[in-house]
Every structure is written in structure tokens, then in C-alpha cells.
């Protein structure tokens, strides 16, 4: 479904990603691991169209999307739930969700999608008119994911969903992630939390200093001593 | 102006000169076709909006994100261009644009009101409410607020941030065209007046906290009332000073302007 070929990308002329190649098949959960600054968020931003690649290609459902704008990518179904949630603080839960479904493909189905989101996250329905900035971290994460779902994603990219959440909430969110996959969504999971990712993702890539250091099925990676060293930046 | 700053960080110092342009366009339409400003506004609004879009796309957009002072310089330069352009076309003499309602008066009990002022008040109020409703209840309004609160996140939802910025600017200019038509009846106009309007607007917007809609509305009231009462109870020149005095006082004790904790 998604193929990243030899991607080189960065900010202001400085390369962060050097020759990264990643593949995702429909319906998988794939983990993207690595220490801080390994390039995980840059890769996700490149997929979302927020960072223009210096070289390399991105193919989505067989189509070259490398030059498409962020808006066009959302319309194709490539949706990011950003690190730190980034909910709109002075807009209500309802408005945040409505904004999630603002792209042309998702707009007609907005009310139906909202019901689906409430089904998944009943807590959001209770807080419908509350300003997003007043929600707790876990509730904001629910909102951010709900917002991403409103966009009718085909590929959902989650950037550090466990950040700042209590263990209870983390379990809740990741159960939802599993459930979404069961319903057919393809998920790219960027996480610093090694064990959590290995448990929920079937395959993983480990990025180290902008390159894919290790890739493979999660159980293989788990036992690979290189994983820990890549992680600790050694 | 507040909306524009909120979505693109640009303060448009040629604000008043666009008003001025609107007024002169009305004047031109009057001389050419004998159109009353209240009628010619239907022509000036689309024309100015088109002009605004071009200006934004080619002049202002390339500068977004650059140093604030450079943007100020750019719009100040634009202000000069507009002023002198108007001067070249219309000459330097103050001119009047007659209007049907110019000298009509409305009498409510003991209060005498000039009709153009009443119309201006009514239309401005309606526009303000309309703008507020648009921001609150339409997708476009929501995308404006989203871009203001977090442009990166808005882009991730598929909002075309660039388009929102252009449209906000064009919308602003269109509103200025309406303001021009409202202010015109009964006022002699000249090419250099733009600065006056820019300053008043800046005062109101800064007082209101730059992007806080209600704050700006309140700011407008404060400035307007302080000027009106100033000229009534003190002398004319001291009265004109009042808004500035009040502005300085408020900013000294409350630098964030008329905002409160729920807004920024």
C-alpha cells in the first residue's frame, strides 16, 4: 500500500533522513522505532507532505505522491495524528472533530463518522462542548485520534501516542489501535516505547541517525541485540 | 486586521489606504455614472477584493514568516503607493461625494442623529455579527480559527493554509470597501487621509488584544466613546487626544489588552 523508496529529506538543507526505504501492506500495523532525533517525525512529516523530499519517492496505492501537497495527501487518505496531540485549544471537542472531517472526501459523511468516533470514545461525547485545551492528556489523545479518523483515513500515522499518558490510558488507547486495525485500517505507529510497539505491531523498522538500521518481524527484532544499542544511541 | 494577524502574522499598515481607495473608487463611480456610494459599493467590493487577492498573492505572501519589521515596511510602502496613486489620478484637492442621504437627520426624542451615521452603525453592527457567526458556524470560519490556533495541525487536517490566508485578506479588503462607502457620505476626502484610519484601527485592534474578536469590539467602543465624550466635554483638540490617552493608560496596566484568560 505504501512504499517509500530511498527517501532523503531534512530541514533547511540539512539531511535528517538519508536513503530510507519502508514498505507497508494494507491492514498492517507497522512500528517505527528509534531514539530521539533518529528521524521518525521527519519521516511522518514527509509522508504528510509537510517536508519536501530532497530525493527519493513515495508511492501510495501504486501512485506517486511525492510532489503532492498536504491537503492532497489527506484527501487520498494519508492522515497523521501528530506528536503532542496538537488539538485546537480554543475550539470545542465537536469543532475539533468537525475540522478533522473538513477534507472533500470526508465531508459528506461527517455526522456518520462522528457517531463512529463516539462509539469508539464515549468520553468524547460527554465532553462535546468543552474547549479542547481544557481536556486531560488522555482525553486530548482520544480527540486527536478521533480527529484523524474523521478524515476517513486509509493510512493512519500515529506519532508517539503514548507520550505523557498514564499506563491505564496507554492500554486503553492501544486497545483502540488494535481494534482499528481489526476494522481494516493500516497503521504506522511511531513510538519511543519499545515494548509497547513490539507488542502491537507485526513488523518494525528501527531508525538510527536517519537510516533504517534494523527491519523485520517484531519478535525477531525484540531478540536482536542491535535494537537496544540503536535505541540507546550507542 | 485582527483576523489577518491571527492567520498570517501580518499587520497591514496600508489598511487605511485601502479604505481611502474604496472611497475614491466610489467618487470615480459617482463622477462617471452618478452612482450613490451606497449603490456603487456593490461594484467596489468585488473590485477591491480582486485587487486585494492580487496584492496578497504577489506582494505579501512571499514575505510571510519573515521578520515582522520587513512586513511593516512592505505594507507601509504599499500605503505610499496607494496614496500617491490616488493623488496622481484624482488630484490633491479635497472632494465630496454627494449622497442621497447626506444631510438627512433622524430625530429620536431629544437626540438628533445624522442618517449616514445611523446607517454606518447599523451596517457595521450587522457585519460584525455576520463575521462572528461565520467564524463560529461555518467550515471556512472554523478553518480560519484552526489556522490561527495551530497552522501545522490545520495543514495536517487537509486545510489549505495558503488559501485561508488569501481569502482572509480578500475578505478584509472587501469589508474595507464597505467601510469606505459607509464613511463617505458627508465627508470630504483627500488622498492622504489613509493614515488616520490605519491608526484608529491599529489602536482598536491592539487594545482588543490583536486577535480577540470580542476584545476588538470592546476596543472599538472604548475608542469611539472616549473620542466622542472627549470632544463634547473637553475642547475639540483635547477630545481627539482622549482615545490615545485612554489607550496608553489601558496598555500600561494591562499589556495584553482587553483579553481575559480563556483567550490568548
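Here are some notes:
- Counting neighbouring beta carbons within 10 Å and listing from fewest to most, the residues B:244, B:197, A:11 come out as A:11, B:244, B:197.
- Nearest-0.05 FRET efficiency for residue B:88 and residue A:15, computed from C-beta distance (R0 35 Å): 0.10
- For the stretch A:34-170: rounded, prolate or oblate by the Cα gyration tensor [a/c cutoff 1.5]: oblate
- FRET efficiency estimate (nearest 0.05) - Cβ-Cβ, residue A:90 to residue A:63, R0 56 angstrom: 0.90
- Which of A:66, A:186 has the fewest Cβ neighbours within 10 Å, and the rest in rising order: A:66, A:186
- Using the Cβ-Cβ distance between residue B:50 and residue A:220 with R0 set to 60 Å, the FRET efficiency works out to roughly 0.45.
- Distance between the pseudo-spin-label points of residue A:209 and residue B:124 (7 Å out from Cα toward the beta carbon): 6.4 nm.
- Taking every DSSP helix (H) stretch of at least 4 residues in chain A, weighting each as -39,500 (n - 2.57) and dividing the sum by the residue count yields a mean residue ellipticity at 222 nm of -11000 deg cm²/dmol.
- Comparing A:158, A:32, A:86 in a Gaussian network model of chain A, where Cα atoms under 10 Å apart are tied by springs, the biggest mean-square fluctuation is seen for A:86.
- Of all DSSP beta bridges in the stretch A:2-231, antiparallel share, percent nearest 5: 55 percent
- Computed on chain A, with alpha-carbon pairs under 8 angstrom and 6+ residues apart, the relative contact order is 28 percent.
- With a 10 Å cut-off around each Cβ of A:101-107, the average count of Cβ atoms from other chains is 3.
- Diffusion coefficient, µm² s⁻¹, Stokes-Einstein with Kirkwood Rh over alpha-carbon pairs of the stretch A:2-231 at 20 °C and 1.002 mPa s: 120 µm²/s
- Label separation (residue B:59 vs residue A:202): 5.8 nm, computed from points 7 Å beyond Cα along the C-beta direction.
- What separates the Cα centres of the stretch B:118-183 and the stretch A:106-134 is a distance of 25 Å.
- Residue-span extension gain [residue B:42 to residue B:221] - 0.36 nm each, minus C-alpha spacing: 61.7 nm
FYI, it's all coordinate maths here, none of it is from the lab. This one's a predicted model, so the numbers in the text were calculated from it and none came from an experiment. With ideal geometry, Cβ positions are generated from the backbone for all residues, glycine too; neighbour counts draw on all protein chains shown.
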